[in-house]
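Quick note: the coordinates plus some simple rules give every number you see, no bench work behind them. Since the structure is predicted, the reported quantities are computational estimates derived from the model, not experimental observations. Glycine also receives a Cβ, built like all others from the backbone with ideal geometry; neighbour counts cover every protein chain displayed.
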Amino acid sequence: MSLKLDPRTKLYMIFVVSAVVMMSATTPFLWAVRIAMTMIPILLLIIEKHYAAAFRFLIFYGTALLLTFRFLSENSKGFLSAFLVGYCSIIVQFMPAMITAWYVVRTTKIGEFVCAMQKMHIPDGITISLAVVMRFFPTIKEEYTSIRDAMKMRGIMLGGGNAAGIIEYRMIPLLFSCVNIGDELSAAAVTRGLGGKVKRTSVQVLKMSAADYLLMLLFTAALAVFVVSKYII
Amino acid sequence: MNDKKLQAKDFITIGIFTALLFVVEFACGMLGFIHPYIVAAFVVLIPLVGSIPMMLFYTKIEKFGMLSIMSVLLAIIMFVIGMGYLGAPLIIASGVIADLIARSGGYKSFKKTIISYGVFCLWICANYFPVVITADSYRKNLIDGGYSVEYCDNLFRAINSKTIAVLLVLCFVFGCVGALIGKAVVKKHFEKAGIV
Amino acid sequence: MMQTTAQINNVTYRYKGAAENSLDGVSLTIQKGETILLCGASGSGKTSVIRLLNGLIPHYYHGDMTGDVKVNGHDIANTQLYELAGVVGTVFQNPRSQFFSVDTDGEIVFGPENIGLSPDEIMARKDNISRQMKLDKLLGRSLFELSGGEKQRIACASVAALLPEIILLDEPSSNLDMQAISMLHDIIREWKRQGKTIIISEHRLWYLKDIADRVIFMDKGRKAHEWHAKDFAMLSEEETRQLGLRPTNINEHYLALLSDKDNAENGHTDISDGILLKDFYFSYHHKPYILRRKKFSADDGDDLSLCIPELTIPKGKVTAVIGSNGTGKSTFLRCICGLEKECTGVIVSDGKEYRKRQRIGFSYMVMQDVNHQLFTDSVEKEVLLSMKEKDVKRCHEILDTLSLLGYKDTHPMALSGGQKQRVAIASAIAAGAELLLFDEPTSGLDYAHMEKVGKLLRQLADSGSTVLVSTHDPEFIEQCCDHILQIKNGRVHPCLSAAR
């Protein structure tokens, strides 16, 4: 089974979850809504066959949840438990946003994302730049891996007796490479018509399906519950 | 070719340097997992380390929009990776203001560049917004749960709604210091190698 | 009556900030459907001619230009680059840097999207081109996992999707292996059959001899010679060498060897004095483990990316490492110099054993992209960085033997490619490495530079270092290598002695 969600739905999910993690759940009902909201991206990850990630998130979130509730109810005061609670609360608080973000980043192609942005009437300049950002993350990783190899061979991983070198020796070759690649990339892109006056088109077909509407509805409802309980009651 | 408008090549350059800056942020973020206090040290680390690519970036385009677009991109990325959108106004505002300052110096005046970069660095504080906003209710939760007030204050000593002002100032100051260092590095390497 | 497609009219051009003219009164008339090969040394103006035709000069690279260029009725100086997108297409040298998307599909449709074609039209073009160029296996994949040759095919497809009448190729084979070159050859021939006008700037000449109609030799920014393909093929090896060109014919023996064909004559040569590699096993696929990671061993059989029970590398000689991309050449070199930590394996030299981290000190690799291994702001500091005890005098000696002393205060990044390579070699010598590894040091070099690298490797070997060099250039093996190691599927086939 595969469920192709529209990138706009995904962005909306992030939006709602990011809003909800800012509000604290005070009643069991709110907690239930919150946990249910976290389960949705985990479920979606399973549908998209990212089993390992879904499992990891589930365990992580579950443990943190359990610890928070147990320790918070027990009036424990030890340093370790305090430390643990500190970590767990942060995880419980922000993990839903992380899981949703991870799901979106992993399951959305850059082309889809760019197309969604075009549909939302974001100027071409910004979508082009953003596409370059996405293309450059793996490039930076490749370049950095080679640079680190070269540093290993020279034995200067720790700066070669020069603390600033730790950063300098990594950053300088990386910048030189990226600037070079950027120049060549720009030349190749403009000869293929980037930067023309015509509006760019996109072959990506974005269509909202029933699942999209359903999810949007669910998330809107969840948001409404939180907003109402925070500002009205 | 003194076109004042950004061209395709410029958008690509902006994309590259945004990616580089974000990698710096991300690398520092990894350190943040070790201990939450390191998160507070972002205001020192990111302006200093980020200054090297940024000072090179300042020499590359010299047109209005370079910093504004970069800030919009940062805001979008922060949103997508789940860091929330509350920081977005701060990120974009510091980007646009930094852009205006740099433009007033024609993107050539180094003094203006220093201030511009200092202002630009304020975006880093957007990292703290989720924590700051949730801190109060979170603190209440902990106290209700039986923790001492002292402990809770300790937990949020470095980052709360009062210290955020201090953090903003620190960002600016270390941004200016970073600009000086970054400029020195650009001179030492990129100007000497003749690519600027 | 032949129809003129492009015309360069007495163009002189100087890049902004450059001391000399890159083009000096160049005129060239190109007929429709012609295939032109541009050859000549690096810096002779080949690339500048390509850039004139695609408009990068004067719209992207700024400088002083006189004369005019007309392509398909467009006056280049007054035509914006994006208006040329459907007229002229360009395949560039570096497969890594010329793609804009992250996936193959996105890359093929990138151009058509830019010029605002309708999605239906774009998809039709994409299907058509992937059928023509047999790209089914490459569709839907990340560009970052493709080999250089595959990337270059996608680059060709991406250019073809704009249906340009004129296709320019700027040293397209520089980073390719034999197999990929023959694919590239087929693509170009297909374009020729379709009646496209093709201009190729290239150092490797042998694979183009049945395609080119006309050969133009550039020298110091001028058009120095021009031949019909027939006459060019008649030039003797001596004559091409005089011109500083790589040979147009390649010894069949090497072609077969480099194309990964089996060679029956596994002639084993006796090596009296050698560096012994023992038990080199390595795999990129980790076996699942619970507590302790199990070491790789010969028992892992086919899972191994590298499997060398025992191998002797002749000391003080230059040994070529050949094999197609992806068969384990780079893995082999990386394992020897200790970059793959998990690679088992011991190096024995002069009765001393080097294991694990010690391998790093014993050997040193000069990377294909040498820019990655230059860290400091002057050549002198770069070499000193490699020395445990900073010895300025010794540093100057090393620089002197590599004729770099005059550049000791220059920033390494300001040097030419060949000089950068020599700086990296200087660092290796300063670090006291006995075994020097070179990862494709000649890709993209013209004949003169290739010869220089060859001489340098000989010089290193004669002064006692052992040199291993991976390469796809038969000309280069012929020139400077004593032995050949062939790598196939991570297995090394014994040293053949090169017919030097």
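Across the range C:80-234, Cα pairs under 8 Å and at least six residues apart give a relative contact order of 27 percent. With the gyration tensor restricted to C-alpha atoms of the range A:121-191, the semi-axes of the equivalent ellipsoid amount to 31, 12, 10 Å, longest first.
Only counting other Cβ atoms within 10 Å, I'd like B:ILE195, B:ILE91 sorted with the fewest neighbours first. Show your work: numbers first, answer last.
Details: B:ILE195 19, B:ILE91 28.
Listed from fewest to most nearby Cβ atoms, that is B:ILE195, B:ILE91.
Sorted from greatest to least, the principal axis extents spanned by the alpha carbons of the range B:45-137 come out as 46, 22, 19 Å.
If R₀ is 60 angstrom, what is the calculated FRET efficiency for the pair A:ARG70 and B:SER104, using the beta carbon separation as r and rounding to 0.05?
On the way: r = 58 Å, r/R0 = 0.96.
Between A:ARG70 and B:SER104 the formula returns 0.55.
Going Cα to Cα from B:LYS60, which aspartates and glutamates come in below 13 Å? Please leave out same-chain ones fewer than 8 positions away. Partners within reach: A:ASP183, B:ASP10, B:GLU191. Contact order for chain C, expressed relative to its length and based on alpha carbon pairs under 8 Å spaced 6+ residues apart, stands at 15 percent.
Around the amide H of C:HIS225, modelled in the peptide plane, lie the amide H atoms of C:PHE217, all under 5 Å away and 5 or more residues distant in sequence or on another chain.
Remark on C:ALA6: its backbone amide H falls under 5 Å from those of C:ILE30, C:ASN72, a criterion applied only to residues 5 or more positions apart or on other chains, H modelled at 1.01 Å from N. Projecting the Cα atoms of C:SER443, C:MET365, C:TYR15 onto the charge dipole of chain C (Cβ charges, centred on the Cα centre) puts C:MET365 farthest toward the positive pole. Straight Cα distances below 15 angstrom link C:LYS317 to the aspartates and glutamates C:ASP270, C:ASP273, C:GLU434, C:ASP462, C:GLU478, C:ASP482, with same-chain residues fewer than 8 positions distant left out.
Nearest 10 degrees is fine. How inclined is helix C:392-401 to the longest principal axis of chain C, computing both from alpha carbons? Computed tilt is about 60 degrees. Computed from Cα positions, the angle between helix C:447-462 and the longest principal axis of chain C comes to roughly 10 degrees.
Over the range C:146-255, calculate the relative contact order: mean separation of alpha carbon pairs under 8 Å at least 6 apart, over the residue count, as a percent. Walk me through the intermediate numbers first.
Numbers: 95 pairs, mean separation 24.0, N = 110.
Across the range C:146-255, relative contact order equals 22 percent.
The ellipsoid that matches the Cα gyration tensor of the range C:254-497 has semi-axes, each √(5λ) in whole angstrom, of 30, 22, 17, with the longest given first.
Using a 10 Å cut-off around each Cβ, can you sort A:MET117, A:MET157 from fewest to most neighbouring Cβ atoms?
Details: A:MET117 21, A:MET157 13.
With the fewest neighbours first, A:MET117, A:MET157 line up as A:MET157, A:MET117.
Adding -39500 (n - 2.57) for every DSSP H run of four residues or longer, then dividing by how many residues chain A holds, sets the calculated 222 nm ellipticity at -26000 deg cm²/dmol. Please compare each pair in C:LYS420/C:LYS455; A:LYS197/B:LYS63; B:LYS4/B:LYS192; C:LYS381/C:LYS420 to a cut-off of 18 Å on the Cα-Cα distance and tell me which ones are over it. Among C:LYS420/C:LYS455; A:LYS197/B:LYS63; B:LYS4/B:LYS192; C:LYS381/C:LYS420, the Cα-Cα distance tops 18 Å for A:LYS197/B:LYS63; B:LYS4/B:LYS192. What is the angle, in °, between the Cα long axis of helix C:104-114 and the longest principal axis of the Cα atoms in chain C? Nearest 10 is fine, range 0 to 90. Here the helix axis deviates by roughly 30 degrees. The per residue volume of the convex hull around the alpha-carbon atoms of the range C:360-477 is 97 Å³.
Span-like helices, chain A: DSSP H, alpha-carbon axial extent 15 Å or more, mean Kyte-Doolittle 1.0 or greater, which ones? Don't skip to the answer; put the middle values down first.
On the way: long enough: A:7-21 (21 Å, 1.25); A:28-47 (28 Å, 2.14); A:51-73 (33 Å, 1.33); A:79-107 (40 Å, 1.43); A:124-154 (44 Å, 0.09); A:163-190 (41 Å, 1.08); A:210-227 (25 Å, 2.13).
Going by DSSP H runs, the hits are A:7-21, A:28-47, A:51-73, A:79-107, A:163-190, A:210-227.
Taking amide H as placed 1.01 Å from N in the peptide plane, C:ASP68 has its amide H under 5 Å from the amide H of C:ASN9, each at least 5 places away in sequence or on another chain. Distance between the modelled labels on C:ALA18 and C:LYS390, one decimal in nanometres: 3.8 nm (7 Å Cα→Cβ projection). Largest first, the three principal axis extents of the alpha carbons in the protein assembly as shown are 93, 73, 59 Å in whole numbers. Largest GNM mean-square fluctuation across A:MET171, A:MET37, A:MET13, computed for chain A with C-alpha springs under 10 Å, falls on A:MET171. Other residues whose C-beta falls under 15 angstrom from the C-beta of B:VAL186 contribute a net charge of +2, scoring Lys and Arg +1 and Asp and Glu -1. Derived from the Cα gyration tensor, the three semi-axes of the equivalent ellipsoid of the range B:20-96 are 22, 16, 10 Å, largest first.
Our helix-only sum for chain C, with -39,500 (n - 2.57) per DSSP H run of n ≥ 4 divided by its residues, gives a mean residue ellipticity at 222 nm of -9000 deg cm²/dmol. If the Kirkwood radius is taken over C-alpha pairs of the range C:4-250, then at 10 °C and 1.306 mPa s the Stokes-Einstein diffusion coefficient equals 86 µm²/s.
For C:LYS137, a cut-off of 21 angstrom between C-alpha atoms picks up these lysines, skipping any fewer than 8 places away in its own chain: A:LYS109, C:LYS126, C:LYS151. Legend: distances between Cα atoms for C:LYS32/C:LYS209; A:LYS141/C:LYS390; B:LYS112/B:LYS188; C:LYS16/C:LYS70; C:LYS32/C:LYS134; A:LYS207/A:LYS230; pairs beyond 24 Å are A:LYS141/C:LYS390; C:LYS32/C:LYS134; A:LYS207/A:LYS230. Taking all C-alpha pairs of the range C:146-266, those more than 17 Å from each other amount to 62 percent. Shown in residue order for the range C:465-470 are the 3J(HN,Hα) couplings computed by the Karplus curve 6.51 cos²θ - 1.76 cosθ + 1.60 at θ = phi - 60°: 6, 9, 10, 10, 9, 8 Hz (x for Gly and Pro). The three principal axes of the C-alpha atoms in chain C carry coordinate ranges of 74, 52, 43 Å, sorted with the longest axis first. Taken one residue at a time, the phi angles of the range B:44-55 give Karplus couplings (6.51, -1.76, 1.60, θ = phi - 60°) of 9, 5, 5, x, 6, 5, x, 5, 5, x, 5, 5 Hz. Gly and Pro are set to x. The charge dipole of the range A:121-191, taken about the Cα centre with unit charges on the Cβ atoms of Lys, Arg (+1) and Asp, Glu (-1), comes to about 320 debye, rounded to the nearest 20.
Annotation: the residues A:VAL198, A:VAL225, A:VAL20, C:VAL423, sorted from fewest to most other C-beta atoms within 10 Å of their own C-beta, follow the order A:VAL198, A:VAL225, A:VAL20, C:VAL423.
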